[in-house]
Amino acid sequence: MRRFRRLFRLADHPNDVNRAVDDELRFHFEMTMRELVARGMSEDAARREAERRFGDVTSARERLRAIDSGAVRHRRWYDAIQEFGSDLRYAARGMRHAPGFAAVVVATLALGIGANATVLGLVDQLLYRPPAHVSDPDRIVLLSASMPNLPGLGQQTFNYPVYKALGEDVHAFEHVAIASSSPELLPLGVGANARNLRSMVVSFSYFATMGVKPARGRFFTSSEDAVPVGAAVVVISDAFWARELGRDPNVLGRTLDIANGRWTIIGVAPPGFTGTEMGEVDAWLPISAVLGRVRSWPDWYTAADGSFDHIFARLRPGATIVSAEGEAARVLDASFGDKWYVKGRRIQLTPMLRTRGPNLGVSRGVTLLVSIMGVIVLLIACTNVANLLVARGLRRRGEIAVRLALGVTRGRLVRMLMAESLLLALVGGGAAVVVAWWAGAALQAILFSEIPGLQGIVDLRIFALTAAVTVCVGLAAGAVPGLQVSRPDLAGTLKSGVREGGGHHARTRTMLLVVQAALSVILLASAGLFGRSLINVSHMDIGVDAGHVLYATMNLGVMGRTPADEDVIFAAARDRVNALPGVAQAAQAWTIPFGPSYGVSAKIPGRDSLPSGNGTFLNAIAPGYFDALGTRLVAGRDFTRADRRGTAPVAIISKAMARALWPDETAVGKCMTVNDVPCTRVVGVAPDIRRQQIIEDPVFFVYVPVAQMDPAAPEALSAKYLVIRPSGDADAMVESVRRAIQTAVPGLPYVTVRKFSDDPDVLEQLRRWRLSAICFGVFGALALAMAAVGLFGVMSYNVTQRLHEIGVRVALGARSGRIARLVIGQAVAITAAGVAIGAVVSLVGGRFAASLLYGVSWYDPLVFVCVAAVLVVVAIVASLLPTRRALRVDPVAALRGE
Amino acid sequence: MPNAELDLLQGTLDLLILKALSWGHMHGYAVARWIAQTTGDELQIEEGALYTALHRMERRGLLAAEWGLSDNNRRAKYYALTPAGRAHLRRKSETWSRYARAVFRVLQTG
C-alpha cells in the first residue's frame, strides 16, 4: 500500500495536505449538488442544501487538515528512522569490505577520545568532582594565610584557639570545623593482630560543615567534644564497618581498642563519605577526646602558637568569600595579630575543591598543560580520521557518481556518508571507553598508589562526556566527505579515473601533516624534558639509598608509653631485626629523612654570631644509623656503645654545617654548645642528608647519641624510628621485618614498615614529574603514531596519483634510487618542516615552563635532537611501503593510463 | 443534533463506515449515500463528522486511501479497508450486536 501511495503522490507536504483536503471536499460538494440539481433544485438552492447537510465546513476543513498533517509528520519520522537504520546496515557492510581502513579509524578514535577521557577524568577527580555526601561543596572553604610575595596558599594549618575564635565571631560562617590535615594512623589493637585506623580527628561541627547525615546512629555532639577532655566515642566509615565488622547490624554500642583506650561506636557514615580527604578514611574521632586522652596534653586547647590542623568553614547562604575573608582577617588580627601565622600574611579562603589537587602534589598548572595536550591529540585524531574518510571518498567516486545518476538526492547521499562516519565514531567511542577505563586504572595505580580507596578516575560523568564527544566527532568527521560529495561536477570523474587529485586538496593534506608532525615534536619534547627532570630528581643523592633501605615506626606515644619505654622497645626491635638473615644493618633514631624535625640553637664557645643558614636541626641516633641509611661519614667516626649517659657528650654534624662553621679546618674535635649543653665535642662529619624535601638546600644538622639522652628530661628525644638496610632485595624483607618487630615486645601497636622510596611524602613530591612525564610521553607516542598513519596514507595516495609520472621517469631511464628518493624525500621534507615548526614553538613556550623542570634546561639539545631523529626515522618507515610500490611500477601499464 | 447523542454516534459511525467499505472501495460521498440508502434515510449523518471519521481511521491504519478517477472522470479520494480495519470491524460488530441484544431484552420486559 505504501508504494502505491508514493507513486500516486498522496500528500507528503503541508501544502499538498491542504490541497488534498480541499479537493476531496470539492468533489463531495460537486456530487451532492449534481444529485440535488438532478432532483430539480436550482443551483443556489442546491448549494445551500449541500452546505446545510455538511455542517460547519470551515471547522471541518481545519480538523481534516490537522489530522492529515499529523499523519504526514508521523510518517516522515518513521521513514527517516527506517532510512537511518538501513544506512547504518549498509555502512556496516561497507566496513566489512574495508577492514583495514575501519580498524585504523576505530583505533585512532579510540586512542584519541580515550586519552582525552582519561585526562578529563583525572582533572575532574582532582579539581571538580564533588565528594560523596557533601552538600554544596562550593560553599565549604579552607582557611589559609599566605605570604604576600610568595605564590600558593601559604600556611594551611592552625590551632584550636583560632578555630574557636572564628566560630564565635565570624558571622559569614554558618559552621566552622577543625580537622587533622591528613588521616592519623592510630593503633587499633595490639600484638600480632594490630592494625592501623586511618582516622580523622575533627571537631563535632565537622559533620555540620560538610552537610552530611549519618547512615546509622549519630555523630558526636558538642557536649561530647568539650574541653578539656572529650568523650571516647567514634564514628566509623561504611567501608570500615563492612571490612572489619562484617556489617554487623548491632554495630552501635560496640567498642574499639584505639590507642590505649576503649572507644564506643556511636554512628556509621554513609557509603563513600570521606569528607575533605581524597583517600579512604576509617573513622572520625572528636578532637578533644584524642588530644585530651590519647595525647594527654592538658593545655591543648589553649596552645595558640602551634599549627597542626586544617580549618574549614561553610559560608552562610548569601555570604561571599571576599566578605568572609575580610571578617576572618579582622577577627584573627584582633586576637592573634602577633602570631607568626597571622602577622604580615594575607588571610585567604579557598573553596575546598580547589585545594585537593595541589595538596596531592599536582598543581593546576600541570593539570592545565596536560588537558591542553589531550585536546591537541584529539584534534590530531579527528583530522587524521577526516583525512582517511576523504581519501576513501575519493576512491569511491565512481560508485557515488553512479548513485547520483540513478537518482539519489545529494541530501540522501550526505546522510549515508554521515551514517558511515557515525558508525565508525560509535565503535571508536565504545573502544575509547574501554581505553579510558583501563588507562584510568593504570594511571591511578602508578601515580596514587599510596592513597587507598581513591575513587576511580573514570566515572559516569566522564562516560557521558565521552559519548557526547564521540557523537560530535562522528558528525564533524562525516561532514568532510559529505561536503566533498556536494561539489557539482562528478560526471567528469566517471571518465577520468584516479588521475585527478585536486591540487587544493593535496596542499591542505600536506599542511595537516606538517601540523601533526609539529605537534608530535612539541609533545615528545615535553615528555623528554619532564622525563629527564624525573630521572634527575629520582637519582639525586638525597643521603639515603631510598630504593633499598626500609624504615619502621609505630605510634607508641598514644599507647601511654614513656620515652624510656620507647628506647627499650626500639632497642629490642633493633636486636631482633639485626638477627634476621638478610639484614645488613639496623639502627634506631628519633627521626629519619622526610620525618619530623626538631629545631635547635647551636653556639660555638668564643664566637658571638654564627651563619645560620637554613636553620639548625637535631636528631638523636643509635650507632650504625648512617650505615643503615646506606651512606658513610665524611670525616671522623660514628657513635659507639661507649657513647652513653655519663660519658662525654659527643655529636656528629652535617657537612654543610662543618664547612660553614670551620671552613678552613676539620670540624672533628671542636667544641659546640647545643641547647645549652656546654661543650659537646664533634666526633664526626656526616654527608648532607635531606630533611623534608627532595629538592632542598642543605641545612645544619646535629646528631647526638640516643643513649646520651636523659629519658626523664622533658625535651628528651627517644627512639621513634628504626632504619633497616637489607643485604638483598628490600621488598622481599618488608614483611619479615614487620613480623619480627611486631612480636619483639608484647602489646605493641601496629608496626609500619616500608621502603623510603614508598614514603607518602616522597611519592607526593615526585608525583608532578611522574604525571607530566607519563602523560606527555603517552600523548607524544599517540601523536606520533597518528602522524605516522597519516603520513602513510598520504604517501600511498601520492604514489597512486603519480603512477603515470613515475612510469614516465622509469621509461626514460631513472634508476630505483632516484625513484625511492622521490617518495622518501617528500616524506622527509614534510617531517623536517614539522620538526622545525615544532621545535621553534617548543623553544618559545619552553621558557614559561622552565620552572616546572629540574636539572635540565628548557632548550636541552639532547632532547630535541633525539626527538627530531625519532620523527625522521618514523617518517622513513612510514614511507617504506609506498616506496616499494613506486619501485614496482610497470612503466608500460602506467603509461597506458590506468 | 445535540452533543450527547453525537458522542454515542461517533463509535457507531466508525462501525457504519467500516461496514460500508467492506463492500469495496468507495469515496466519501459514496459512503454517505450508501449509509443513507441502507438505513432508509432513518439516520441523518452530518457529513463533516463523516469525513473526520474517515481521516481519523486512515491515520489509525484501519483504512487505506488513494486517489483515483470517479465515474465522471473527476479526481476523488477512495478509501478501502486494511486487514487491521477488517479485524476491527469484526470485533466491533460483535460487541455492538451483543449490546443491542442486551438493551432489547431489557426493553422487551413489559
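Run through every distinct alpha carbon pair of region A:657-806 and return the Kirkwood hydrodynamic radius in angstroms, one decimal place.
One decimal place: 22.3 Å for the Kirkwood radius.
What is the extension gain from A:Ser816 to A:Ala303, computed as 0.36 nm multiplied by their sequence separation minus the C-alpha to C-alpha distance, in nm to one decimal?
Computed gain between A:Ser816 and A:Ala303 is 176.1 nm.
Taking 30 Å as R0, compute the FRET efficiency from the Cβ-Cβ separation of B:Ser22 and A:Val57 and round it to 0.05. Could the numbers behind the result be given before it?
On the way: r = 29 Å, r/R0 = 0.96.
That pair, B:Ser22 with A:Val57, gives E of 0.55.
Taking every alpha carbon pair in the protein assembly as shown, what does the distance histogram look like in 10 angstrom bins from 0, in percent?
Here the calculated profile for the protein assembly as shown is 2, 8, 12, 14, 13, 11, 10, 10, 8, 5, 3, 2, 1, 0, 0.
Provide the per-residue ³J(HN,Hα) series for region A:808-824, in order, calculated from phi with Karplus coefficients 6.51, -1.76, 1.60 and θ = phi - 60°, each as a whole number of Hz, with x at glycine and proline positions.
The phi angles translate into 4, 4, 5, 4, 7, x, 5, 8, 4, x, 4, 5, 4, 4, 4, 6, 5 Hz.
Please calculate how many Å² of accessible area region A:582-667 carries per residue, with a 1.4 Å probe and no DNA, RNA or ligand atoms counted.
Numbers: 3920 Å² over 86 residues.
In whole numbers, region A:582-667 has 46 Å² accessible per residue.
If I take R0 = 60 Å and measure r between the Cβ atoms of A:Ala732 and A:Arg896 in this structure, what FRET efficiency does the formula 1/(1 + (r/R0)^6) give, to the nearest 0.05?
0.25
May I ask you to list the chymotrypsin sites (Phe, Trp or Tyr not before Pro) in region A:843-896 that are in a DSSP loop and have at most 16 other Cβ atoms within 10 Å of their Cβ?
A:Tyr859
For A:Tyr750, A:Tyr703, B:Tyr78, write out the residues from largest to smallest accessible area, computed with a 1.4 angstrom probe and no ligands counted. Intermediate results must be reported in sequence, preceding the final value.
Details: A:Tyr750 60, A:Tyr703 5, B:Tyr78 35 Å².
The ranking, largest first, comes out as A:Tyr750, B:Tyr78, A:Tyr703.
Please list, in order along region A:302-311, the HN-Hα scalar couplings obtained from phi with the Karplus expression 6.51 cos²θ - 1.76 cosθ + 1.60 (θ = phi - 60°), rounded to whole Hz, x for Gly and Pro.
10, 5, 9, 9, x, 9, 10, 10, 6, 10
With a point put 7 Å past each Cα toward its Cβ, work out how far A:Val877 is from B:Arg60 in nm, to one decimal.
In this crude spin-label approximation the distance works out to 7.0 nm.
Considering only B:Thr39, A:Val370, B:His88, whose Cα is most displaced toward the positive end of the charge dipole of the protein assembly as shown, charges sitting on Cβ of Lys, Arg (+1) and Asp, Glu (-1)?
So the residue we want is B:Thr39.
To the nearest Å, what is the center-to-center distance of region A:724-780 and region A:332-393, using C-alpha atoms only?
A separation of 28 Å, based on Cα centres.
Given charges of +1 on the Cβ of Lys and Arg and -1 on the Cβ of Asp and Glu, with all other atoms neutral, how large is the dipole of chain A about its Cα centre, in debye to the nearest 20?
Its charge dipole is roughly 4060 debye.
Put simply, what bits of region A:56-92 lose 50 Å² or more of accessible area when the other protein chains are there, versus the chain on its own (1.4 Å probe)?
Hits at the 50 Å² cut-off: A:Arg63, A:Leu64, A:Ile67.
Read phi for every residue in region A:322-327 and hand back ³J(HN,Hα) as whole Hz from Karplus 6.51 cos²θ - 1.76 cosθ + 1.60, θ = phi - 60°, with x for Gly and Pro.
4, 5, 5, 4, x, 4
Please compute how much accessible surface disappears when B pairs with A, both sides summed, using a 1.4 Å probe, and round it to the nearest 100 Å².
2500
I need the shape label for region A:805-882. Rule: rounded when a/c is under 1.5, else prolate if a/b > b/c, else oblate, with a, b, c from the alpha carbon gyration tensor.
Here region A:805-882 falls in the prolate category.
For region A:4-101, run through the trypsin sites (Lys or Arg not before Pro) and keep only the ones in DSSP coil with at most 12 other Cβ atoms within 10 Å of their Cβ. Walk me through the numbers before you get to the answer.
Working: sites: A:Arg5, A:Arg6, A:Arg9, A:Arg19, A:Arg26, A:Arg34, A:Arg39, A:Arg47, A:Arg48, A:Arg52, A:Arg53, A:Arg61, A:Arg63, A:Arg65, A:Arg73, A:Arg75, A:Arg76, A:Arg89, A:Arg93, A:Arg96; in loops: A:Arg9, A:Arg39.
Answer by residue number: A:Arg9, A:Arg39.
In nm, what is the difference between 0.36 nm times the number of residues separating A:Thr409 and A:Asn578 and their Cα-Cα distance? Spell out each step's value before the answer.
Details: separation 169, 0.36 × 169 = 60.84 nm, distance 8.64 nm.
Extending this stretch completely gives an extra 52.2 nm.
At a 1.4 Å probe radius, carbon and sulfur cover how many percent of the accessible area of chain A? Could the numbers behind the result be given before it?
Numbers: 24210 of 40910 Å².
Carbon and sulfur together cover 59 percent of it.
For chain A, what does -39500 (n - 2.57) per DSSP helix run (n ≥ 4), summed and divided by total residues, give at 222 nm, in deg cm²/dmol to the nearest 500? The partial results should precede the final answer.
Working: 26 runs with 462 residues, N = 898.
Calculated from helices alone, the mean residue ellipticity at 222 nm is -17500 deg cm²/dmol.
Please list, in chain and number order, the residues 5+ apart from A:Phe173 or on another chain whose amide H is under 5 Å from its amide H, with Hs placed from the backbone.
A:Arg316
Restricting to the protein assembly as shown, what percent of DSSP beta bridges are antiparallel, rounded to 5?
Details: 67 of 86 bridges.
Of those bridges, close to 80 percent are antiparallel.
Which of the three applies to region A:7-82, rounded, prolate or oblate, going by the alpha-carbon gyration tensor with a ≥ b ≥ c and a/c under 1.5 meaning rounded?
On the way: a/c = 4.61, a/b = 2.64, b/c = 1.75.
Since a/c reaches 1.5 and a/b is larger than b/c, the shape of region A:7-82 is classed as prolate.
Please compute the contact order of region A:55-208 in relative form: average sequence separation of alpha-carbon pairs under 8 Å and at least six residues apart, divided by the residue count, as a percent.
Details: 77 pairs, mean separation 14.9, N = 154.
Worked out over region A:55-208, it gives 10 percent.
Using R₀ = 41 Å, calculate the FRET efficiency as 1/(1 + (r/R₀)^6) where r is the Cβ-Cβ separation of B:Trp96 and A:Ser42; round to 0.05.
Numbers: r = 41 Å, r/R0 = 1.00.
It comes out at approximately 0.50.
Quick check: pseudo-label points 7 Å beyond the Cα along Cα→Cβ at A:Thr752 and A:Asn15, how many nm apart are they?
It works out to 8.1 nm between the two label points.
Quick one: which residues, 5 or more positions from A:Gly272 or on another chain, have an amide H under 5 Å from its amide H? H modelled 1.01 Å from N in the peptide plane, none for Pro or chain starts.
Those qualifying (amide H under 5 Å, at least 5 residues apart or on another chain) are A:Asp238, A:Ala239.
The values are calculated or read from the model by the stated rules, or taken from the named source; none is laboratory data. Small disclaimer: the values here were computed from a predicted structure and weren't measured. Heads up, the Cβs are rebuilt from the backbone with ideal geometry, glycines too, and the neighbour counts pull from every protein chain shown. Surface areas here come from the heavy atoms of the whole protein model, side chains and all, with no ligands, DNA or RNA. Shrake-Rupley method; radii C 1.70, N 1.55, O 1.52, S 1.80 Å.
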